[in-house]
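Just so it is clear, none of the values below were taken in a lab; they were calculated from the coordinates. Computed from a predicted model, the values in this text were never measured in an experiment. Positions of Cβ are backbone-derived with ideal geometry, glycine not excepted, and every protein chain shown enters the neighbour counts.
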Ligand code: MG
């Protein structure tokens, strides 16, 4: 009897702690989601749905050592310079990027613009390590926001999601506005996270109009800190805020970009492998 009582007390305490870590959204609190957005096609939920359950928290394994890239990878950031990147201004003018490079990482200098690769990529394997620096403030989408923009448009979200609560389809490792990660394996501020992304580019038929469904949509598999959080998930289109994502035709290869959302986020050990070369195996 006493053991049963203790178990009930422990469960109640755990539920209380869980509720404290992941509080339910309050009405009008758009930091934690929305109630007036459109339905996501094929899903139960609306875009950035405040009521969508947050993925369960899970502690990943020990931090992975930052291994050097495989021999066939394009090293996009080696800890020393931004030679693989440009900053593209509105209107398409390219200029030298202004992100800070120090101590083996690069850090977003807020509002200087996103980083865009000089080379273009389609089907790929991408490795990125990222960290939200200690002392990052803000709430919801305002803390540690950046993102991996595959082909410059399909976003795997970067955010401080260890403590910070936001809508499920906008937290770290989400396919922004579409799919939350299966589990939340975020590490806290000041610790490195790793994404390993396996991406299949969409295929467009020649002459297709804007907004049309591609002949083959994009698919993505994502490991966050070594844990699978998306498995060949179909992407619904380019990332958008408060709207249903859609496709707009583009080339078979496009530059990769890292988002500047006005918050300092650090990156290191960024490399990418092209996969098309192996399609004849
Ligand atoms: Mg973002």
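Below, the figures for the structure above:
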| item | result |
| --- | --- |
| GNM flexibility winner over the chain from 42, 190, 152 (Cα, springs under 10 Å) | 42 |
| The range 62-184 shape via C-alpha gyration tensor axes, a/c threshold 1.5 | rounded |
| Residue 36-residue 66 pseudo-label distance in nm [points 7 Å out on the Cα-to-Cβ vector] | 4.4 |
| Degrees between helix 2-21 axis and first principal axis of the chain (Cα, 0 to 90, nearest 10) | 40 |
| Listed residues 218, 67, 94, most fluctuating in the chain (Gaussian network, C-alpha, under 10 Å) | 67 |
